[in-house]
1. Compute the helix-to-body angle for 270-280: its Cα long axis versus the longest principal axis of the chain, expressed 0 to 90° and rounded to tens.
2. Let me check I have the definition right: for segment 208-306, take the eigenvalues of the Cα gyration tensor, multiply each by 5, take square roots. What are those semi-axes in whole Å, largest first?
3. Would you work out the relative contact order for segment 226-341, in percent, from Cα pairs under 8 angstrom that are 6 or more residues apart?
4. Percentage of Cα-Cα pair distances in the chain greater than 35 Å, rounded to whole percent?
5. For segment 51-207, what's the radius of gyration and Dmax over Cα atoms, in angstrom?
6. If you line up the long axis of helix 331-340 against the longest principal axis of the chain, both from Cα atoms, how many degrees apart are they, to the nearest 10?
7. What ranking do 131, 273 get, fewest neighbouring Cβ atoms within 10 angstrom at the top?
8. Using only DSSP helix segments of four residues or longer, with each worth -39500 (n - 2.57), what per-residue ellipticity at 222 nm results for the chain after dividing by its residue count and rounding to 500?
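No value in this document is a laboratory result; all are computed from the given coordinates. All values reported here derive from a predicted model rather than from experimental measurement. Here Cβ is always computed from backbone atoms with ideal geometry, including for glycine, and neighbour counts include all displayed protein chains.
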Amino acid sequence: MRKPAVLVTGANGEVGYGLIENFNKQKLEMDVIALDIRKLEKGLRDKVSAAIVGDILDENLLQRLVSEYEIHAIYHLAALLSTRAEFTPDTAHRVNVDGTLNLLRLAHEQARWHGNPVKFLFPSSIAVYGLPSVGAKKETGRVREKQWNFPTTMYGCNKSYCEHLGRYYALHYRQLAADASPSGVDFRAIRFPGLISAMTLPSGGTSDYAAEMIHAAAQGNPYACFVSEEARIPFMVMPDAIKSLVDLAAAPADKLSQRVYNVSSFSLSAAELRDRVVKAFPDAKVTFEPDLPRARIVDTWPADVDDSPARSDWSWQPDFDADAAFDKYLVPAIRKRYADG
Ligand code: AKB
């Protein structure tokens, strides 16, 4: 008999690292199958049942997963983030969209095999929003899920389309078929703000300046921030990001009024971020040297998001506001990380 399993794609990424650590602490009953295009980081290998090196575009590999495992949940984290996707938009479309479609098909096939719904957790992003100007951004303030869905990046377009794909699989799959039946794919998405981890550094994102600034200061390195001091977006520390995914996955399906949710913890300008970094690391040398094309992308993202549907449907509540994020998580954990070498 195959043990029920959870599949984590993009397992080597920042969210993958945090999620696998969480599953390990939770002593998850199901096997954890980690899939990434690169060999799984050494520190994670003994925390998963299987660490598979492979490409989510490799349909033969995915068929092998169907034959070897009984998958009941998929955390599909593999993606090319916004900055990297701008340099390789065609590859980004293939990985972010075709890869996601491959995993939705896998979820459907697994649900048919074992007869239970497969939960499909999808990390969307504030990149699906596109505010037309800094003035409109300031005037709009906290954005609700149905507002300003005009992404200006390939990554944002990819995430927006995959949200619709997931909704199709969950609610409208093969609706004209004579034998139309539910796909069995229980798709649930969270639009993450900029994520900041004490344990890992992001790569290829346009919100990366927050994590890069903090980690540079902790290592005594100067940091030239690529957005302006006024640039403001919502942020969240990794423990809250993992909490939101796990809480949404655990929510009873009949409590969900929608399939895609905003979550928010705190909103900071780059100058407010710098002030907090300098307070924690007084020798920090932070300058502002805007990379205008990248800075313009951040200007299209909302200053903050309205996460009231998540709070009412599945009791979302961050553990870390800006003060707690720095005082209780980032500063102590990053100091320890670099002290330990
Ligand atoms: C990125 O910068 O691309 C991501 C995101 C905001 O989704 N961190």
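1. 80 degrees
2. Equivalent-ellipsoid dimensions as semi-axes: 31, 17, 10 Å.
3. Relative contact order here is 44 percent.
4. Counting every Cα pair in the chain, those more than 35 Å apart make up 20 percent.
5. Taking only Cα atoms of segment 51-207, I get Rg and Dmax of 17.0, 53 Å.
6. Orientation of helix 331-340: about 90 degrees from the principal axis.
7. 131, 273
8. One gets -12000 deg cm²/dmol as the mean residue ellipticity at 222 nm.
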